[in-house]
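Encoded as structure tokens, the structure appears first; notes follow it.
The values are calculated or read from the model by the stated rules, or taken from the named source; none is laboratory data. Computed from a predicted model, the values in this text were never measured in an experiment. Because the Cβ atoms are built from the backbone with ideal geometry, glycine has one as well, and the counts that use them run over all protein chains shown. The protein model used for the area step is the full one, side chains on, heavy atoms only, and it has no ligands, DNA or RNA in it. Shrake-Rupley method; radii C 1.70, N 1.55, O 1.52, S 1.80 Å.
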Amino acid sequence: MEFAFTEEQAMIAETARGFFAENATSERTRKAMAADGIDRALWSSFCTELGLAGIGVPEELGGVGLGMVEFALIAEAAGAQVAALPLLGNARAAHALVAGGTDAQKAKWLPALVSGEVIATSAWSADAVVGEGTLSGTFRFAPHGAVADLLVLTAGDKCLLVEASAPGVTITPHVTMDQTRPLATITLDGAAAEPFADHAAANHALHVTGWIGLAAEALGGAQAALDRTVAYSKERVQFGRQIGSFQAYKHRLADMMIEIEQARSAVYWAACAVDEGSDEAQIALHSAKAFCADTFHMCAGNMIQLHGGIGFTWEHDAHIFFKRARSISSMLGDSQWHREQIAALVLDAAA
């Protein structure tokens, strides 16, 4: 598969990078971390001024009507700043509604998700009980669940919508490692729930959007970790020389760069394969999530070590990157699970 960004995609990437670099500052992110994990002003600007929250929503429903490549560009730019936004939850909910929601559900929720008026989250449970218009069970690890208005919940193979304010809904926030995307547990006791029109399509969209979003975030974070470390290596002087001139230091930077370039190929292979309906899409998705998560974890760890003493302090941003990397590693399946899925797909194809 040959791939190159179009002029429109390159413009979206440049615009998103500039927006997040200017607005998702360390100071604002730290304030969000100390509160509920969302920079409200940043989220409002992203949805209304930038207008890219509805990147995958059809134009007739208030969105931009673009594909997964464009969504990956946005997620990469947000990940480079470890932006404190509910981007993942809203994107997954919007794509699930587009793929499998009823006309009434789309009309009610998509404009509100695109405008940022409504914050969404999603979670899964294997043993939840689906009744006649109700849902009971415990759903764990919901990102930004404590501040969500709309819950997209998967119970077994069924996908349902629940309003967070509905009777029978209890949401318990948790103190998590990544405070830019805090998790919560959602407990339902006979809460009113609306089933999607097409459960399989909605669940597929949840997986695809989640895996590409996290992989692209990891790519952006890894690249930022390298860029910041390179900049530091030119400033810090030891024994009369810039530390970046030492061979062992340069080798670590080179290792990071090689892994990042492979991760970049994995992300946009997956996004392009999904947009084109390629037979490779499923393997590409699992590959992207596993490889990019591992790459970000490695780069964030190197960022701390290669910054020396300052890299281990709370005052430096390195720990924010490392926490996001650790969070991505375990969200929506860890790397070992994704590699197992790849092995199963390859063996099935061979058989």
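Some notes on this structure:
- Between the helical axis of 87-100 and the longest alpha-carbon principal axis of the chain there is an angle of about 40 degrees.
- Full-stretch length increase - A343, R140 - with 0.36 nm per residue and alpha-carbon distance subtracted: 70.3 nm
- Under the Debye formula (equal points on every Cα, no solvent term), log10 I(q)/I(0) of the stretch 36-80 at q = 0.17 Å⁻¹: -0.51
- Rounded to the nearest 10 square angstrom, E280 shows an accessible area of 90 square angstrom against a 1.4 Å probe.
- Relative contact order for the stretch 195-351: 28 percent, from Cα pairs under 8 Å spaced at least 6 residues apart, divided by residue count.
- Against the chain, whose longest principal axis comes from its Cα atoms, helix 199-235 is set at around 20 degrees.
- Exposure of V98 as accessible area (Å², to 10), given a probe of 1.4 Å and all protein chains: 40 Å²
- Among I310, I12, the order of accessible area from largest down is I310, I12, computed with a 1.4 Å probe on protein heavy atoms.
- Average accessible area per residue (Å²) across the chain - probe 1.4 Å, nucleic acids and ligands excluded: 44 Å²
- When Rg and Dmax are taken over the Cα atoms of the chain, they come to 20.2, 74 Å.
- Summing charges over neighbours of I74, with a neighbour being any other residue whose Cβ is under 11 Å away from its Cβ, gives -2 when K and R count +1 and D and E count -1.
- The mean sequence distance of close C-alpha pairs (under 8 Å, at least 6 residues apart), as a share of the length of the chain, puts its relative contact order at 16 percent.
- Positive minus negative residues near L150 (Lys, Arg vs Asp, Glu; Cβ under 12 Å): -2
- Calculated log₁₀ intensity ratio I(q)/I(0) where the Debye formula runs over C-alpha points of the stretch 186-330, q = 0.19 Å⁻¹: -1.03
- Links that overshoot a 24 Å alpha carbon limit, given the list K106/K158; K31/K323; K106/K289; K289/K323: K106/K289
- Across the stretch 83-127, the mean sequence separation of Cα contacts (distance under 8 Å, 6 or more residues apart), normalised by length, yields a relative contact order of 49 percent.
- Surface/4 estimate of mean projected area, convex hull on alpha-carbon atoms of the stretch 90-236, nm²: 9.9 nm²
- Length gained on full extension, Q305 to V129, computed as 0.36 nm times the residue gap minus the Cα-Cα distance: 58.6 nm.
- On the stretch 239-351, 58 percent of the accessible area sits on carbon and sulfur atoms, based on a 1.4 Å probe.
- Over all other residues within a Cβ to Cβ distance under 13 Å of A96, the charged ones net out to +1, with Lys and Arg as +1 and Asp and Glu as -1.
- With each label modelled as a point 7 angstrom along the Cα→C-beta vector, the R236-K31 pair spans 3.0 nm.
- Along its principal axes, the stretch 248-292 has C-alpha extents of 44, 15, 10 angstrom, given from the largest down.
- Cα gyration tensor shape for the stretch 1-107, rounded if a/c is under 1.5, else prolate or oblate: oblate
- Ordered by solvent-accessible area of protein heavy atoms (1.4 Å probe), largest first, the residues Y268, Y232 come out as Y232, Y268.
- Relative frequency of Cα-Cα separations exceeding 19 Å in the stretch 197-248, percent: 55 percent
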